[in-house]
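Accompanying notes for the structure given below.
The values are calculated or read from the model by the stated rules, or taken from the named source; none is laboratory data. It should be emphasised that the depicted structure is a prediction, and the values quoted were computed from it without experimental measurement. Quick reminder, even Gly has a Cβ in these numbers, built from the backbone with ideal geometry, and neighbours come from all protein chains shown. The protein model used for the area step is the full one, side chains on, heavy atoms only, and it has no ligands, DNA or RNA in it. Shrake-Rupley method; radii C 1.70, N 1.55, O 1.52, S 1.80 Å.
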Number of protein chains: 6
Amino acid sequence: MNGRPVVVRDIIRADPGVVARLRAVGVATTHEAAGRSGLLDHRLRAICPGSVVAAPAVTALCHASDNLMIHLAVECRRRGDILVVAVTSECTDGYLGELLATSLHAHGVIGAVIDAGVRDVALLREMEFPVWARAVSAQGTAKASPGSVNVPVVCAGRLVEPGDVIVADDDGVVRVPAREAAEVAERAEERVRREKGIRRQLADGALGADIYGFRDLASRLGITFAKQEPRSEEQ
Amino acid sequence: MNGRPVVVRDIIRADPGVVARLRAVGVATTHEAAGRSGLLDHRLRAICPGSVVAAPAVTALCHASDNLMIHLAVECRRRGDILVVAVTSECTDGYLGELLATSLHAHGVIGAVIDAGVRDVALLREMEFPVWARAVSAQGTAKASPGSVNVPVVCAGRLVEPGDVIVADDDGVVRVPAREAAEVAERAEERVRREKGIRRQLADGALGADIYGFRDLASRLGITFAKQEPRSEEQ
Amino acid sequence: MNGRPVVVRDIIRADPGVVARLRAVGVATTHEAAGRSGLLDHRLRAICPGSVVAAPAVTALCHASDNLMIHLAVECRRRGDILVVAVTSECTDGYLGELLATSLHAHGVIGAVIDAGVRDVALLREMEFPVWARAVSAQGTAKASPGSVNVPVVCAGRLVEPGDVIVADDDGVVRVPAREAAEVAERAEERVRREKGIRRQLADGALGADIYGFRDLASRLGITFAKQEPRSEEQ
Amino acid sequence: MNGRPVVVRDIIRADPGVVARLRAVGVATTHEAAGRSGLLDHRLRAICPGSVVAAPAVTALCHASDNLMIHLAVECRRRGDILVVAVTSECTDGYLGELLATSLHAHGVIGAVIDAGVRDVALLREMEFPVWARAVSAQGTAKASPGSVNVPVVCAGRLVEPGDVIVADDDGVVRVPAREAAEVAERAEERVRREKGIRRQLADGALGADIYGFRDLASRLGITFAKQEPRSEEQ
Amino acid sequence: MNGRPVVVRDIIRADPGVVARLRAVGVATTHEAAGRSGLLDHRLRAICPGSVVAAPAVTALCHASDNLMIHLAVECRRRGDILVVAVTSECTDGYLGELLATSLHAHGVIGAVIDAGVRDVALLREMEFPVWARAVSAQGTAKASPGSVNVPVVCAGRLVEPGDVIVADDDGVVRVPAREAAEVAERAEERVRREKGIRRQLADGALGADIYGFRDLASRLGITFAKQEPRSEEQ
Amino acid sequence: MNGRPVVVRDIIRADPGVVARLRAVGVATTHEAAGRSGLLDHRLRAICPGSVVAAPAVTALCHASDNLMIHLAVECRRRGDILVVAVTSECTDGYLGELLATSLHAHGVIGAVIDAGVRDVALLREMEFPVWARAVSAQGTAKASPGSVNVPVVCAGRLVEPGDVIVADDDGVVRVPAREAAEVAERAEERVRREKGIRRQLADGALGADIYGFRDLASRLGITFAKQEPRSEEQ
């Protein structure tokens, strides 16, 4: 909680093998396999388009316009983690730039998800340090207000607990609770297999309406089929 | 209308030759030639930057977070159509992803305009299936609510009737009513010719103020010209 | 002021050498060196990503949906200027497109910052004429309402006086008053030197917490350090 | 269409009796009875809270920051009409203030729906001239650009044809096509009767889950019922 | 979690005495006393201005445009609870109207916090059933998708667990974890006492700068004091 | 400037008689009389609807989520001033609440314009201390970052210099430079007289189209007049 700021050094992380499996299926499939839960706000955009990452979350809870807790988070990570930054009130200032990215990178952090702004984006792209953020802003931040590291946070509208799996790509960012990750990976891979067959059928011209039985559904829903309407109505 | 859901199979399309001519001039010129009418909301962004398309519209009217009608629209198109998806209330969920794009592509649909979200955007770019959408979101949709196919819809703030010409590029999306398309193409090409000469003059350093006679206009509007102000006022 | 429209031909510009030095350090560093002042609204986005410019500002104050004053601004510039367009009320229409860009380019203007929309963005990218704008919109504008050229304006939330230095890159746009530019450049270069050493340390794995002394600060702020929490609280 | 501006004097209006019946049921019920179609964007807010109106639409299509066509619409109305103003591109300027409201009121117009801004709102409230608008702004508009009166328009995301019924109250604004108004009124009144009984049951403590049979639905959807969870999961 | 929908009947509630004490101090003071944590997004607005409530939360997690779970939540409450509705993806449709409010009221629920839209707002005000919502919209919702009741949810950017205290007034909505409520109430009442004295001093003309010692702070921060500047700079 | 924080004690204020005259005409007329310049962003909303104020501005420039400079501004005012708060980056936190309002009120400040959030709004209404703000939020702010008092600031998109006249009512907030205030008041009163006559004519049923000569303008603009169109086109 904000009132009792704490930095937690060690956390329990999701299994690396499972993390790798979720990376392989990507955000959209992971989200489906997780029962359509855990998707962060779509306003987070990929600052380095084309990147795909999956990693356990190291969380930081920061004050508005203050990135002190990101600095303190650097030593609370392991190689292969991703940093997840939540803020106590909405802010678009640049919480992370080249120097912090250099430091995180040196410590093996593979990317960051920030519910605020970032800066030095040309350099972040050059460094290939992928970030998902709400805004790009050169506005710097103070380092003066207490927050926490590795506590559960709400980032971009979703709860993230330290050690949870974060998957991020051009479709956005999704969180999977560490203890559900294996089961979600299982379901995700099943879904990939199932969709492979469907994709082939669709590519060959089969109709989803037939494959999924939507014609029956349509008639149950009272949808009529017409050859051509003389002058139909708009919504 | 929403209350009487209907799927219309055959529609009257704009002439393919005219469609090609509008593609050649692009969105901005088409919009000017159409008397500055028909431009969809600028919040629709090109998911595959650099794409330019023009095509007759196949329309789908969907409920919030429900893409059933896109599935039913697949068999109501002809090669070379573009899909236009309107929603009954605002929604940023991902109405279209890789599987639907594969199906639309297999049936010759050349792109989509969606007044909501899309997902699998990395794959859409790889497939070169151009989409214009309001958001990118991995959030999937249900297939449970009745809507319509090939009825007039309001998409991103503009009326689109089935068979109308849709032109879309990096500047956005514009709609031209099928029966006005030939006349708009005519005026657009005239405009292109006229602008060619002006562009050459401007590139040679001629001033628009002289070419267009804005100096006279300026003095009629009471604009004064000064060499330098000691300390002028802000707005 | 809007009520007494005026076009000012000659302005006093920041020193070209200083402008070049600010270009070399970029937006984020310039903004820091300027005491974190002068940053324009982060909603202005780079239409040609990767561009970096610095130049004295030629300002234009336009009415909603009217770009007349941009046309009149063309002859009030010198080679190497940048155009800064403010609007009297918010508007996302396309104030600048290929023709105006051609004209500005022919007269040596190296880019534009527009607190409104632009169009022909594919062509702007092809021409490598960098623009920072609030929106992309094919909607054209009238040329009928009086405004001013080279008066102080508020653009995207910041005052810009004619001749001020504008620095713009992928991080956004910052303004430095002409008479403070040399001092800001001095401080910016100092900062670059200082950060160079810190970057090397960070890349070698040194902790910012140690370099900056944040551990002391943390304990003064009442932040506790824990090995692991059984079940900590969220924000 | 914008390119061929026209002022149409006489329009076919929905039946006054039907209009009165829709006023009696209000926006939410009308919208339901219309198959959940025709609701304008919820960003339109009631400037005079507590007002309820229903009336045939006199439409005006205006340019950005230009209200000329509202002035020309005044003589194209009948007592009891409502003015519906659409704009060709988004604008928050004040299209209507006390003088225009005085004129409209003198001609029997009972209110206005404006997909832009209004001003003099304290006076509008004093006059009890109800307006639904997207913004309040003192910014005045020009009277210089051609538009149309009494043509079909898209206002706040929905098509409105001249003579259609507009119902507006604190819940927003809905449009009913003139030729469907009688049928919609019929269904709306049925709905009111049906809801009366349900309201009484609910007020007496009956559960909607029982009245509507949602318990069966819930179990079909796989929802389980638990007495208490030790530690359940979040979304 | 979304994937395993569950309705939990019994929850552990914060102590009623503590709830009453938090109601007495209001949102702003509760939020301060909670270490500035737990404040829901300020976009939630009071539909019935002037209302002040505090109550244990009964939570419902709903799909986009589907309010089935609110219906199922009615029987999972006790007299004096407040309903908290979260959504799986952003939606402004009207999740709650007069009928549901009647039912909730009949079962002793004293208000609702909805991270989406509401309708029948004139009736809600008449009934004095206070609601905090993101939007007002007449758009109805389906009752077809599974969700959960009385599970932890993220509502308007903050975690809410069933039984937590919700305090809501014209300043917004704040959540206090049930087990921390007594301590927060303690600190809040202390704060009220302390502020009482300060308020009296301030009303008598004492300066906050003196009471809080801000003059020293100012000089430590390098703020200078000047009688009058000839021509000072803007930001 | 932010980099050299300064508190200026004495400022030159607009003439009180002129201030009173601008208050009498209100925001919309003042804005027109000022050549449609100086209107602050319409997103500032009146927290105490129905209030009308005009006063010389005492300005404060604050950091994101830090209201220290408001505290320091209290002693830099005279009876009858209004406080204008600008922020260095966008923020919706509550910069002003009951205590600060009590202090400002005790020192004769008659209201505040804040380009950020406020809290304790029920108490502000009770105290009749009028505030115009961008948001309502209970989130408190720090008192730790240097800013300035009585320097020129950009507030809600417009330059405000200390001593300028601020007029604020339900239509928003407008700034008039101190040295132009007398002239603007003159023109505003003329406008009020002129509009009085027009209002009477309009109330008697005269058409604006006739009074202002819009029929001629319409035909010059190519607008045609039609009795009735069989089926006209939408925008």
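Every residue, every condition in (1) closer than 21 Å to C:GLY26 by Cβ; (2) facing another protein chain (nearest Cβ under 8 Å), yes or no:
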position: C:ALA142; (1), (2): no, yes
position: C:CYS155; (1), (2): yes, no
position: C:ILE166; (1), (2): yes, no
position: C:GLY172; (1), (2): yes, yes
position: C:ALA182; (1), (2): yes, no
TODO: Give me a count of the residues in the stretch B:12-33 that are outside any helix (DSSP H, G or I) and open to solvent by 20 Å² or more (accessible area, probe 1.4 Å).
DONE: 3
Task: Output for the stretch F:119-128, where each listed residue is buried (at least 24 other Cβ atoms within 10 Å of the Cβ) and part of a helix (DSSP H, G or I) - done: F:VAL121, F:LEU124
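If the requirement is being among the acidic types (Asp, Glu) and over 17 Å from C:GLY35 (Cβ atoms), which of these qualifies: C:ASP169, C:ASP164? Explain how you work it out, then say what you get.
Values: C:ASP164 fails: over 17 Å from C:GLY35 (Cβ atoms).
After applying the criteria, what remains is C:ASP169.
Go through the stretch D:39-51 and report how many residues are assigned to a loop (DSSP other than H, G, I, E, B) and either of a type in the set (Ser, Thr, Tyr) or on the phi < 0 side of the Ramachandran plot (or both). Talk me through it step by step, then tell me what you get.
First, pick out the residues of the stretch D:39-51 that are assigned to a loop (DSSP other than H, G, I, E, B): D:40-44, D:47-51.
Still in the list and also either of a type in the set (Ser, Thr, Tyr) or on the phi < 0 side of the Ramachandran plot (or both): D:40-44, D:47-49, D:51.
Of the residues in the stretch D:39-51, 9 are assigned to a loop (DSSP other than H, G, I, E, B) and either of a type in the set (Ser, Thr, Tyr) or on the phi < 0 side of the Ramachandran plot (or both).
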Task: Given (1) at pLDDT below 95; (2) under 24 Å from E:ARG194 (Cβ atoms), index of the condition F:LEU96 fails - done: (1)
Open item on the list: Condition first: on the phi > 0 side of the Ramachandran plot and open to solvent by 10 Å² or more (accessible area, probe 1.4 Å). Now tell me which residues in the stretch B:159-171 satisfy that.
Closed with: none
- [ ] Being crowded, with 24+ Cβ neighbours inside 10 Å and facing another protein chain (nearest Cβ under 10 Å) is the filter here, so list the residues in the stretch B:48-59 that pass it.
- [x] B:THR59
Task: Criterion (touching a residue at least 12 places away in the same chain (Cβ under 8 Å), of a type outside the set (A, V, I, L, M, F, W, C) and more than 8 Å from every other protein chain (Cβ to nearest Cβ)) met by exactly one of D:ARG9, D:ARG78 - done: D:ARG78
Open item on the list: Take the conditions under 21 Å from F:LEU96 (Cβ atoms), without any contact (Cβ under 8 Å) to a residue 24 or more places away in the chain and assigned to a loop (DSSP other than H, G, I, E, B) and apply them to E:ARG36. Does it pass?
Closed with: yes
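Take A:ARG4 and decide whether it is within 15 Å of B:GLY94 (Cβ to Cβ), within 14 Å of chain E (Cβ to nearest Cβ) and not in a strand (DSSP E or B). It would help to see each step written out before you state the result.
On the way: within 15 Å of B:GLY94 (Cβ to Cβ): no; within 14 Å of chain E (Cβ to nearest Cβ): yes; not in a strand (DSSP E or B): yes.
No, not satisfied.
Determine whether A:ALA181 is surrounded by 24 or more Cβ atoms within 10 Å (Cβ to Cβ), under 24 Å from the mean Cα position of the chain (by Cα) and over 22 Å from E:THR88 (Cβ atoms). Steps first, answer last, please.
Working: surrounded by 24 or more Cβ atoms within 10 Å (Cβ to Cβ): yes; under 24 Å from the mean Cα position of the chain (by Cα): yes; over 22 Å from E:THR88 (Cβ atoms): no.
Here the answer is no, as A:ALA181 does not meet what is asked.
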- [ ] Consider A:ASP93 carefully, then state whether it is in contact with a Gly (Cβ under 6 Å, 6 or more places away or on another chain) and acidic (Asp, Glu).
- [x] yes
- [ ] Look at F:ASP169 and say whether it is modelled with pLDDT of 95 or more and out of contact with any Gly (no Cβ under 7 Å at 6 or more places or on another chain).
- [x] no
Open item on the list: Looking for something out of contact with any helix residue (DSSP H, G or I) (no Cβ under 8 Å at 6 or more places or on another chain), under 29 Å from E:ALA46 (Cβ atoms), open to solvent by 30 Å² or more (accessible area, probe 1.4 Å) and among the acidic types (Asp, Glu) - is there at least one such residue anywhere in the stretch E:204-214?
Closed with: no
- [ ] Would you confirm whether any residue within the stretch B:67-78 is of a type in the set (D, E, K, R), within 30 Å of A:ALA133 (Cα to Cα) and open to solvent by 10 Å² or more (accessible area, probe 1.4 Å)?
- [x] no
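State which residue is farthest from B:PRO162 (Cα to Cα) when the search covers only the stretch A:186-206 and only residues that are within 32 Å of the chain's Cα centre (by Cα) and facing chain B (nearest Cβ under 7 Å). Even if it seems obvious, please write down each step before you answer.
Residues of the stretch A:186-206 that are within 32 Å of the chain's Cα centre (by Cα), as a first pass: A:186-203.
Subsequent filtering for residues that are facing chain B (nearest Cβ under 7 Å) retains A:195, A:198-199, A:202-203.
Numbers: A:GLU195: 31, A:ILE198: 29, A:ARG199: 28, A:LEU202: 24, A:ALA203: 25 Å.
Applying the filter and picking the extreme gives A:GLU195.
Could you pull out the residue among D:ALA188, D:ALA156, D:ALA138 that is touching a Gly at 6+ places or on another chain (Cβ under 6 Å), open to solvent by less than 10 Å² (accessible area, probe 1.4 Å) and either under 22 Å from D:GLU75 (Cβ atoms) or of a type in the set (Gly, Ala, Ser) (or both)? Please lay out each step first, then the result.
Details: D:ALA188 fails: touching a Gly at 6+ places or on another chain (Cβ under 6 Å); D:ALA156 fails: touching a Gly at 6+ places or on another chain (Cβ under 6 Å).
D:ALA138 is the lone residue from the list that is touching a Gly at 6+ places or on another chain (Cβ under 6 Å), open to solvent by less than 10 Å² (accessible area, probe 1.4 Å) and either under 22 Å from D:GLU75 (Cβ atoms) or of a type in the set (Gly, Ala, Ser) (or both).
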Task: Sole exception among (1) open to solvent by 20 Å² or more (accessible area, probe 1.4 Å); (2) closer than 22 Å to B:SER145 by Cβ; (3) not β-branched (Val, Ile, Thr) for B:HIS107, by number - done: (2)
